Amino acid sequence: IALLIGNTSSWLNPATPDALFMGNLTLSAVDVTSPHRPSLRGTLPVARSTAGAYSVVGIGHGRFAVSVSAAQDAPTGTAGVLGIVDASNPSTLTWTETASILQPQDLSFSNGLLLVAGGSGLSVFRVN
């Protein structure tokens with residue numbers, strides 16, 4: 001399963017001050033067993049703005065970690081969020097917000113540890 005990140009709307013037009021996405025986060029599970037014929041298995045809209053940056057990494061067992069930063073025009077110090085998407089049953093995706101992170105930027109996963117680089121440094125989470 002591949003996880004696609006999107007939104008419920010489109011780009012801000014005109015793109016001032018920046019080309020911001022509008023709408024809320026969408027998570028879509030795609031079966032790529034047959035790479036030439038991918039198949040959409042499920043989509044979940046999440047009540048979280050996509051006006052900021054986001055990142056995703058697989059954490060095993062059909063689960064993904066997703067970070068979503070606050071919108072670029074949000075007040076200074078506004079935290080983003082780290083969430084877990086359970087796509088083990090792709091037709092019924094679930095989203096669980098797990099932590100607030102100041103300006104989450106990059107995610108990495110290795111040996112059961114989720115590393116989140118953000119505005120306040122490196123955060124490390126153990127994933128079971």
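Expressed as a fraction of 2.2 N^0.38 Å, the C-alpha radius of gyration for the chain is 1.08. For the chain, a crude dipole built from +1 on the beta carbon of Lys and Arg and -1 on the beta carbon of Asp and Glu, taken about the Cα centre, is about 280 debye to the nearest 20. Label zone (H61, point 7 Å along Cα-to-C-beta; backbone nitrogen cut-off 13 Å) within segment 75-106: 85-89. Note on the chain: with a GNM built from Cα contacts shorter than 10 Å, the maximum mean-square fluctuation among P90, P75, P45 falls on P75. A P(r) calculated from all alpha carbon pairs of segment 39-80, with 10 Å bins opening at zero, reads 24, 44, 25, 7, 0 percent. Spatially, segment 96-128 and segment 19-58 are offset by 19 Å when compared through their Cα centroids.
None of the figures in this text is laboratory data; all of them are computed from the coordinates on show. Predicted model only: the values in this text are computed from it and were never measured. Reconstructed Cβ throughout: ideal geometry from the backbone, glycine too, with neighbour counts over all protein chains shown.
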